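Colleague: Mind looking over this structure? Questions follow.
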Amino acid sequence: MLAWPAPLLPTLPGTGPVLKLHDTARGEVVATNPDGTARMYVCGITPYDATHLGHAATYLAFDLVNRVWRDAGHAVHYVQNVTDIDDPLLERAERDGEDWVVLAMRETALFREDMTALRVLPPEDYIGAVESIPRIVAHIEDLLDEGLAYVLDDGTGDVYHDVSQAPGFGGESGYDEATMLRFFAERGGDPDRAGKRNRLDPMLWRGQRPGEPSWAGPRGVAGRPGWHIECATIALETIGMGFDVQGGGSDLVFPHHEFSAVHAEALTATATGVKGPFARAYVHAAMIGLDGEKMSKSRGNLVFVSKLRGEGVDPMAIRLALLSGHYRTDRFWTPDLLDAAFARLATWRRAVALPAGAPAAPVLQGLRERLSDDLDSPGAIALVDAWAAATLAAGPDDVLEDGAPTVVCDAVDALLGVALDSCAPVTALDGSTGTTAAGS
Ligand code: 5CA
Ligand code: ZN
């Protein structure tokens, strides 16, 4: 599928440090050590509704990963999926009397617009579940051939992965069985389905039900793919095993990322004898809530990026408001966050419009240090606040540095992804030059 246009990315003097991130599997902050090109897979949207600020916060966190890696001198191969066939999509289309394909295409188009407005670097591969079905089916056939998966004996044609044969199961989340069963039941699993070998076995293929769309499937059974094998397949087909970061919101820790890893590890062990891991680090963004609850489509307590944009809100203020909290802290969205971001943006823009300012080198170094330390965006923002305050408060006797505002402007753009007015010419990802414009 088409992704979205890349924003211009300024090249900064020197290079940034190694990026450290919190890995859920190890339960600690670890150094990422990409071999040359850094490889990242981030779970994409299920396009049955517009992008809300929770989704946006998660994609902004991984956009910082992308930017910090590039600043450290790595090329980045970023992959994102679109779950363009799944229960919620069919349910919403049915509720609204709409064709599910039209719904998915419209919401995916809106997501692209939101990501473009928020200046999120696009993935190199943006891949839908539907277009991946032939490869997903081939993978399920392989698991059936090896006796690692089974067809349920009730005439539905549903296929499950036998997790009792997956030695790495549990390694990603670290959860005990009771916790797994709870999240499995809450998040789309079917622990009480009759005929399964193990209660936690995840579905790989769902045989066709009346009125549901279907595709040719494993063992000749028409149906549609399970959710976890979708992401396992898309990652394996693009960046392969042992990639650097598997990302998503913390609601994906279990079951989704556990089972994506288990599927992929079973497939590669079978095909090549290579033992995992699927990803070197599993990184999870915390949840954004509203009015005391997690923001979620099912609860309906949503603030949409496109709605704010439609009201004329500067997307850079939305970006700055979301980045003013740490990506691993559950937090609530409030209008105050946006007001603070407007004020901050105005101050920063006044400071970078000046010909001279407080020294830029410590700001650039500080931004690199803060962001490479598990994406400390609040710490990074505080440094720019201090620089802008010093620059704007300078009197006639203070010695200011010519050109410092341009360097800070470029650093804020390249590392935080916030475009300010008055930046100098910059280099695009494709090597061409241009000039940034706020909100472009
Ligand atoms: N299509 C699957 C992933 S393969 C999916 O979870 N789609 S989604 O549309 O429900 O969510 C898209 C991304 O936003 C996921 O990474 C999810 O973890 C994240 N997300 C959902 N709700 C929130 C929230 N309230 N706060 C932060 N991130 C969220
Ligand atoms: Zn996924």
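Colleague: Looking at this structure, is residue 239 within 17 Å of residue 188 (Cα to Cα) and either crowded, with 24+ Cβ neighbours inside 10 Å or not basic (Lys, Arg) (or both)?
Modeller: So residue 239 fails the test.
Colleague: Does residue 305 fit the bill of being hydrophobic (A, V, I, L, M, F, W, C) and more than 23 Å from residue 182 (Cα to Cα)?
Modeller: So residue 305 fits the description; yes.
Colleague: Take the residues in the range 23-48 that are more than 19 Å from residue 79 (Cα to Cα) and either in a loop (DSSP other than H, G, I, E, B) or open to solvent by 40 Å² or more (accessible area, probe 1.4 Å) (or both); name whichever of them is nearest to ligand 1 (Cβ to nearest atom).
Modeller: 48
Colleague: Residue check, residue 278 against (1) within 13 Å of ligand 2 (Cβ to nearest atom); (2) modelled with pLDDT under 95; (3) not small (Gly, Ala, Ser), all met but one. Which one?
Modeller: Here residue 278 clears every test but (2).
Colleague: Looking at the range 69-109, which of its residues are touching a residue at least 12 places away in the same chain (Cβ under 8 Å), touching a helix residue (DSSP H, G or I) at 6+ places or on another chain (Cβ under 7 Å) and not in a helix (DSSP H, G or I)?
Modeller: Listed by number, the residues that qualify are 76, 78, 79, 81, 82, 83, 84, 85, 86.
Colleague: Please work out if residue 214 is more than 12 Å from ligand 2 (Cβ to nearest atom), polar (S, T, N, Q) and closer than 30 Å to residue 280 by Cβ.
Modeller: no
Colleague: Out of (1) open to solvent by 30 Å² or more (accessible area, probe 1.4 Å); (2) at pLDDT 95 or above; (3) charged (D, E, K, R), the odd one out for residue 410 is which?
Modeller: For residue 410, the failing item is (1).
Colleague: Here's another thing I want to ask about it. Give me the pairs, please: first residue somewhere in the range 369-393 and within 30 Å of residue 245 (Cα to Cα), second residue anywhere and open to solvent by less than 30 Å² (accessible area, probe 1.4 Å) and of a type in the set (Val, Ile, Thr), beta-carbon distance under 8 Å, and either six or more positions apart or on two chains.
Modeller: Pairs that qualify, where the first residue is within 30 Å of residue 245 (Cα to Cα) and the partner is open to solvent by less than 30 Å² (accessible area, probe 1.4 Å) and of a type in the set (Val, Ile, Thr), are 371/68; 372/68; 375/65; 375/68; 383/363; 384/363; 384/408; 384/412.
Colleague: Quick check on my filter: what residues within the range 178-196 are surrounded by fewer than 16 Cβ atoms within 10 Å (Cβ to Cβ) and more than 27 Å from the chain's Cα centre (by Cα)?
Modeller: Correct list: 178, 191, 192, 193, 194, 195.
Colleague: Working only within the range 222-248, note down all residues that are within 10 Å of ligand 2 (Cβ to nearest atom) and of a type outside the set (A, V, I, L, M, F, W, C).
Modeller: Result: 228, 230, 246, 247, 248.
Colleague: Step by step: first the residues of the range 49-75, then only those that are under 14 Å from the mean Cα position of the chain (by Cα) and over 25 Å from residue 291 (Cα atoms), then the one that is nearest to ligand 1 (Cβ to nearest atom). Which residue is that?
Modeller: 62
Colleague: Okay, next question. Looking at 120, 159, 151, which one is of a type in the set (Val, Ile, Thr) and either within 23 Å of the chain's Cα centre (by Cα) or at pLDDT below 95 (or both)?
Modeller: Going through 120, 159, 151 in turn, the sole match is 120.
Colleague: So, one more: Mind listing just one residue for me: the one in the range 1-22 that is in a strand (DSSP E or B) and open to solvent by 20 Å² or more (accessible area, probe 1.4 Å) and, of those, farthest from residue 131 (Cα to Cα)?
Modeller: Out of the qualifying residues, it is 20.
Colleague: Looking at (1) of a type in the set (Gly, Ala, Ser); (2) more than 16 Å from ligand 2 (Cβ to nearest atom); (3) modelled with pLDDT of 95 or more, which one does residue 300 not meet, given that it meets all the others?
Modeller: In the conditions (1) of a type in the set (Gly, Ala, Ser); (2) more than 16 Å from ligand 2 (Cβ to nearest atom); (3) modelled with pLDDT of 95 or more, residue 300 misses (3) alone.
Colleague: Report yes if residue 112 is assigned to a helix (DSSP H, G or I) and more than 23 Å from residue 321 (Cα to Cα), otherwise no. Outline the logic, then answer.
Modeller: Details: assigned to a helix (DSSP H, G or I): yes; more than 23 Å from residue 321 (Cα to Cα): no.
No: the conditions fail for residue 112.
Colleague: Another question about this same structure. Answer yes if at least one residue in the range 80-94 is open to solvent by less than 10 Å² (accessible area, probe 1.4 Å), touching a strand residue (DSSP E or B) at 6+ places or on another chain (Cβ under 6 Å) and not aliphatic (A, V, I, L, M), and no otherwise.
Modeller: yes
Colleague: Considering 303, 262, which residue is within 11 Å of ligand 1 (Cβ to nearest atom), more than 16 Å from the chain's Cα centre (by Cα) and β-branched (Val, Ile, Thr)?
Modeller: Values: 262 fails: within 11 Å of ligand 1 (Cβ to nearest atom).
That would be 303, the only listed residue that is within 11 Å of ligand 1 (Cβ to nearest atom), more than 16 Å from the chain's Cα centre (by Cα) and β-branched (Val, Ile, Thr).
Colleague: Right, next: Here are the criteria: (1) buried (at least 16 other Cβ atoms within 10 Å of the Cβ); (2) within 28 Å of the chain's Cα centre (by Cα). Tell me which single one residue 199 does not satisfy.
Modeller: Among (1) buried (at least 16 other Cβ atoms within 10 Å of the Cβ); (2) within 28 Å of the chain's Cα centre (by Cα), the lone unmet condition for residue 199 is (2).
Colleague: Do you know which residues across the range 287-299 are within 12 Å of ligand 1 (Cβ to nearest atom), assigned to a loop (DSSP other than H, G, I, E, B) and either surrounded by 19 or more Cβ atoms within 10 Å (Cβ to Cβ) or at positive phi (or both)?
Modeller: Matches in the range 287-299: 287, 295.
The values are calculated or read from the model by the stated rules, or taken from the named source; none is laboratory data. Here the structure is a predicted model, which means the values were calculated and not measured. No Cβ is skipped: glycine too gets one built from the backbone with ideal geometry, and neighbour counts run over all protein chains shown. Areas reflect the complete protein model, heavy atoms only, side chains present, ligands, DNA and RNA absent. Shrake-Rupley method; radii C 1.70, N 1.55, O 1.52, S 1.80 Å.
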